[in-house]
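Reading through the structure tokens given below for one structure.
The values are calculated or read from the model by the stated rules, or taken from the named source; none is laboratory data. Remember, predicted model here, so these are calculated numbers, not experimental data. Counting neighbours? That spans all protein chains shown, and the Cβs are built from the backbone with ideal geometry, glycine included. The area values use the complete protein model at the heavy-atom level, side chains included, leaving out ligands, DNA and RNA. Shrake-Rupley method; radii C 1.70, N 1.55, O 1.52, S 1.80 Å.
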Amino acid sequence: MNVVSAQMAKSIAGGSMIRRMFEAGNELRKKFGEDAVCDFSLGNPDLAPPVEVSEEFRVLAVKSREPGSLGYMSNGGFAWALDKLAAWLSEQQMVNLTRREVMLSCGAAGALNSFFHTVLEPGDEVLAIAPYFVEYGFYASNHGGVLKTVPCRKDDFGPDIEAVAAAITPKTRALIVNSPNNPSGAVYSAEDMQRLAETLEAGGRRHGRPIYLVSDEPYRFLVYDGCEVPPVLPLSPYAVVVSSFSKNYGLAGERVGYIAVSPRLEERETLMAGLVLSNRTLGYVNPPVVGQYLMAAALGSSTDEALAVYKKRRDMLAEILTEAGYEFQLPKGTFYFFPKAPGGDDQAFVERLKEQLVLAVPGTGFGGPGHFRLSFAVPDAVIARSREGFARAMRG
């Protein structure tokens, strides 16, 4: 008897990669000890939230005693939270946003699902530039869409504009970009983003309906060596920004994210109404109450300290990988490396690393076969003790 649908069974099989790595890590820690395993598999930010978050928790402890303080609100979030978010995003995106162009949801994942639920027809295609965050395929298929991958440039993991143009069909509804990119650490330039917007607008005119440029930006704050992430909303009326506060403010478990649409979109009221309705009917109902208060308290606080910590870790791991002879591109952003797998078989090499008590994730799951992902959202001590493991795995 089939207890789940055939599509869900397929998704379970395809989505089990990181879960297996997590379970393998637990088994290795039980066998060899907590301090023996070097786990680079999960992108789980490990730094404390800003002090403003702790202070807001104390305020909420008193506020939560008020009747209705933790009750429902408008499906898109508190008006005061949307106002504050819109003002913060206006400066970041270099456009004039109001609460009417933003919505809060249950993490960036909730916002993306609400968006796809609102705009996709059955069979519509969502383009993604490989390598890409593995969940995008599930988010699209949840709402009848089909994820269609496009290769990146080989030299720097940047977008191959010509390949994107060639992939556009009458069914293309959106291109989702993730810059800074998980898993490659690449940051798309302003020129690349402008050309992508122009390519999508040309494709939309050709096929008679708009193609959205969806920018997923949870790592926007995490860039190194003077690199900058260009604003997306000014590029097109059909530009959309999705993000969360998981990485910049360490609020991953609070599940508060957002979507912002271009104020140049003439039909933005209709789109926003659909997004808010989707937020409710998909079962999110509204964004988390506590998360909205914490977000509002944290907005505008400095991320310099976190950036300095991650840069130090990036440079430590780069030294270890270089010393051992791995080929990789130094990440311009995020907290990920995406080295080439020696011998070309990423899954086999990840198993070889596991024998040395070093946990990584095969690049195949991200649409980047022949590479493997390492997260340096781990303590300095973990990176330091991984040196010999990486060296032994390289020697075979």
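Quick test for you: out of Pro331, Pro287, Pro379, pick the one residue that is under 25 Å from Asn248 (Cα atoms) and in contact with a Leu (Cβ under 8 Å, 6 or more places away or on another chain). Before you say what the answer is, go through the steps one by one.
Working: Pro331 fails: in contact with a Leu (Cβ under 8 Å, 6 or more places away or on another chain); Pro379 fails: in contact with a Leu (Cβ under 8 Å, 6 or more places away or on another chain).
So the residue among Pro331, Pro287, Pro379 that is under 25 Å from Asn248 (Cα atoms) and in contact with a Leu (Cβ under 8 Å, 6 or more places away or on another chain) is Pro287.
Got a number for residues in region 315-341 being open to solvent by less than 20 Å² (accessible area, probe 1.4 Å) and in contact with a strand residue (DSSP E or B) (Cβ under 8 Å, 6 or more places away or on another chain)?
Number satisfying all stated conditions: 12.
Return the residues of region 277-295 that are modelled with pLDDT of 85 or more, over 21 Å from the mean Cα position of the chain (by Cα) and not polar (S, T, N, Q); say none if nothing qualifies.
Leu277, Arg280, Gly283, Val285, Val289, Tyr293
Could you list, in sequence order, the residues of region 342-382 that are surrounded by 21 or more Cβ atoms within 10 Å (Cβ to Cβ), more than 23 Å from the chain's Cα centre (by Cα) and within 26 Å of Tyr219 (Cα to Cα)?
Val358
For the subset of region 60-85 comprising residues that are among the aliphatic types (A, V, I, L, M) and in contact (Cβ under 8 Å) with a residue 60 or more places away in the chain, which member is surrounded by the fewest Cβ atoms within 10 Å (Cβ to Cβ)?
Keep residues of region 60-85 that are among the aliphatic types (A, V, I, L, M), which gives 60-62, 70, 73, 79, 81-82, 85.
Those still in the list that are in contact (Cβ under 8 Å) with a residue 60 or more places away in the chain too: 60, 70, 73, 81, 85.
Working: Leu60: 17, Leu70: 12, Met73: 17, Ala81: 24, Leu85: 25.
This residue is Leu70.
Residues in region 157-172 that are farther than 23 Å from Val361 by Cα and surrounded by 24 or more Cβ atoms within 10 Å (Cβ to Cβ): how many?
In the first step, residues of region 157-172 are kept if they are farther than 23 Å from Val361 by Cα; the result is 160-172.
Filter again for surrounded by 24 or more Cβ atoms within 10 Å (Cβ to Cβ), leaving none.
Residues meeting the conditions: 0.
Whether any residue in region 134-149 is over 25 Å from Phe376 (Cα atoms), open to solvent by 40 Å² or more (accessible area, probe 1.4 Å) and assigned to a helix (DSSP H, G or I) is what I want to check.
Checked against the condition, which is being over 25 Å from Phe376 (Cα atoms), open to solvent by 40 Å² or more (accessible area, probe 1.4 Å) and assigned to a helix (DSSP H, G or I), region 134-149 yields at least one hit.
Filtering region 225-267 down to residues that are in a helix (DSSP H, G or I) and in contact with a helix residue (DSSP H, G or I) (Cβ under 6 Å, 6 or more places away or on another chain), which residue is farthest from Ala202 (Cα to Cα)?
The selected residue is Glu254.
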